[in-house]
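Undergrad: What follows is a single structure, and I will ask about it in a moment.
The values are calculated or read from the model by the stated rules, or taken from the named source; none is laboratory data. Since the model is a prediction, treat every value here as computed from it, not as a measurement. FYI the Cβ positions are ideal-geometry reconstructions off the backbone, even for glycines, and counts take in every protein chain you see. Accessible surface areas use protein heavy atoms only, side chains included; no ligands, DNA or RNA. Shrake-Rupley method; radii C 1.70, N 1.55, O 1.52, S 1.80 Å.
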Amino acid sequence: MGVKFQVIRCGQCGKPRGLIHTCITRADRARNPGKTRIKPKVTLTCEHCGKPRGRGHVCQIRTDFKRRKAAAERQAKKQKEAQRKAAAQQAAARRRAEAAAKRQAAAGQTRRATAARKPAGKPTPKPAHDYHTCTDTECRRYACLAWKEALAEGRTSGLEDGYEHGYETGYEQGLAARPRR
């Protein structure tokens, strides 16, 4: 708790007077200047809020609760808006996928209907497949045959070269690294 002592009041302006005091008054003021008076006054200040204390003093400490609460509400509102947008985008993507599936189903039905109307003499082409993933041993396509032949040749030559290289270098290194008894 702070204590302030005020001893001298200016008779001209009414403000507390110290060693250095400059009066600022208007010359045409209605009140006549009084005398400088010695009137001691003691003021107690609140240690929490710094305001003068009296009988009716209610200490009000200012906080930033309202500001933080408003910021939290804005953040929650932004999150809800982002969730709503994400849900709307997911729903739109789902609707687009369903529409694409319906279009494909309709196109498949029209293909079947046109295939049924085609003459039986024309052969239907085989579906294209990747020669890298072809596992059919009876497949006679040129790309599949070339791939399988090159793969087998590379495997055998790689095994032979690796065995020779490993025998030449590995055997000698193995003997040198072996602990002697």
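Undergrad: Restricting attention to segment 52-74, which residues are within 22 Å of G14 (Cα to Cα) and open to solvent by less than 100 Å² (accessible area, probe 1.4 Å)?
TA: P52, G54
Undergrad: Being at pLDDT below 70, open to solvent by less than 100 Å² (accessible area, probe 1.4 Å) and of a type outside the set (D, E, K, R) is the requirement here; does V3 meet it?
TA: So V3 passes the test.
Undergrad: List, please: which pairs have Cβ atoms under 6 Å, are six or more places apart or on different chains, and start with a residue in segment 52-72 that is among the charged types (D, E, K, R) and end with one that is not in a loop (DSSP other than H, G, I, E, B)?
TA: So the pair list comes out as R53/L44.
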